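Working notes for the structure below.
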Amino acid sequence: MEDINIKITDRDGVTHEIVAPTDMAMNLMEVVRSYELAPEGTIGVCGGMAMCASCQCYVTSDTALPEMGDDEEAMLSEAFDVKDNSRLGCQIQMTPEMEGLEVELAPES
Ligand code: FES
């Protein structure tokens, strides 16, 4: 079992240091939900299907992440508050390589 340390800044600007498991097939959106860093109903609305953008976050560390898939790219092209470093949390599976990842949750849209 391998846990990684990541930092998540919530929508109130508070940064949380989180320990995330990499052996439970969790994605970043599910990690945010399990630590209750965003109110229920404001994140993960589509259940992780890349269809709502409620899990949008900004990646602020230079951690190498998997390439965006077509669904993620398409959703982000329609979402609000998108920046160059935007990603959909539900499309990012936690892996040991993501040790030190830092993200900021995008505003609720
Ligand atoms: S949870 Fe809907 S796009 Fe990620």
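Quick look at the values:
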| item | result |
| --- | --- |
| Test result for Glu30, within 17 Å of Val103 (Cβ to Cβ) and crowded, with 18+ Cβ neighbours inside 10 Å | yes |
| Hits in segment 57-105 (condition: in contact with a Pro (Cβ under 9 Å, 6 or more places away or on another chain) and assigned to a loop (DSSP other than H, G, I, E, B)) | Phe80, Asp81, Ile92, Met94, Thr95 |
| Selected residue (criterion: nearest to the ligand (Cβ to nearest atom)) from residues of segment 50-86 that are closer than 17 Å to Val31 by Cβ and buried (at least 21 other Cβ atoms within 10 Å of the Cβ) | Cys55 |
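Rule-based calculations on the coordinates, nothing more; no lab input. No experiment lies behind these values; they were computed from the predicted model shown. All Cβ positions, even for glycine, are placed from backbone atoms using ideal geometry, and neighbour counts span all protein chains on display.
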